[in-house]
Amino acid sequence: MRHTAAIGVIGGYGAVGSAVVRRLHRAGIHPLLVAGRDPARAEALIAALPAGGPEVAAAAVDLSDPGSLDRFAAGCRLIVNCAGPSYRVLDTVARAARQHGADYIDAAGDDPVHHLLQADAGAARRADAGHVAVLSAGALPGLSSLLPRALAARTPDAVALDAYVGGVAPLTPAAAGDVLLARGPEHGTPAAAWQDGDVRERALGPRREMRLDAFPAPVDAFPFLSTEAVRLARATGLGEVRWYTVFGGGRLAEELAMAWALDSTETAPLVAAADEDVRRHGAWYGQEFHLWTAGAKGAPAATLVLRAPDSYELSGFLAASVALRALHGAIAPGVHFAADVLDPARVLADLAADGAAELTTR
């Protein structure tokens, strides 16, 4: 590994990227490059970092310009991608990282990107070269799998899980794009549940006006069994998983349903709807997990509750955590999902110390 090369964060001045940069800077990582299409925004973020810290600079990178991405990747030993939307970026940055021998961390990048990196023996070639690529290193997917794994490890006889993830928050255009396109079998199955080792379609319905500890107001929960939830079920051996996407305001859910019905790819209406929900209800985000043991009735045997102002800081926390572990050689070469290569208990402890969220277990 080229220890004089930089650690680059693409989208480094955005909501997730800036959270990554602040944590890597605090950890003393250098040289650090804050990259994106607008160097002035990168410079503004750099100016706001604590003085006297490690070396950090701005870099101009446009993912639609292969030359600028190639030049950037050539100077990096590790790249953290926080640019989006993921369905457009796909493996663009990962390919550039591999070409120049850099490790790669993606704060998003779910199954479609994983399939691309696995194609044509790509994962084997990366492993043979000693390089790391880690995907789904964000709040969702990412922490949404690691937190229930930590809870399941404390409850070895657990057989069933209910998960509630979401809230009310502003949407960046990139995040809106990922929300809009996060459908189809490569992402998950609406109204499905995991039962007895298989996906059971049309098994669940919406749950309205739910009161849960993770959220400050009643919420609507819509069942969606993501591919991440299926991987979680298989990894933990849980016989049942019921996974719900939570909306704390009605406008975003309405606009998203309309966009799907019209097969629209316009993100502006979703951004506006999310902003309207925030004006009406405030901004808040949560993840709540309930575990049941065999034969248990009534209250769950174990519960984990996460509360946070938004999901962006949480994504920045996890992406930075993965980057630090990769830099310390703690991740085996190859292509991985973050939840498969991190210690869930350690992530839970580190998140509690980080302060990006309030955590309660019982």
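Surface calculation, 1.4 Å probe, protein heavy atoms: ARG207 sits at approximately 90 Å² accessible. Each of HIS328 and ARG280 was given a label point 7 Å from its Cα along the Cα-to-Cβ line. The distance between the two points is 4.5 nm. Residue-wise HN-Hα couplings along region 248-265, as the Karplus relation 6.51 cos²θ - 1.76 cosθ + 1.60 with θ = phi - 60° gives them from phi, are x, x, x, 5, 5, 4, 5, 5, 5, 4, 5, 4, 5, 5, 8, 6, 7, 10 Hz; Gly and Pro carry x.
Taking only protein heavy atoms into account and a 1.4 Å probe, give the accessible area per residue of region 105-176 in Å².
Working: 2270 Å² over 72 residues.
In whole numbers, region 105-176 has 32 Å² accessible per residue.
The values are calculated or read from the model by the stated rules, or taken from the named source; none is laboratory data. This one's a predicted model, so the numbers in the text were calculated from it and none came from an experiment. FYI the Cβ positions are ideal-geometry reconstructions off the backbone, even for glycines, and counts take in every protein chain you see. Ligands, DNA and RNA are excluded from the accessible area calculation, which covers all protein heavy atoms including side chains. Shrake-Rupley method; radii C 1.70, N 1.55, O 1.52, S 1.80 Å.
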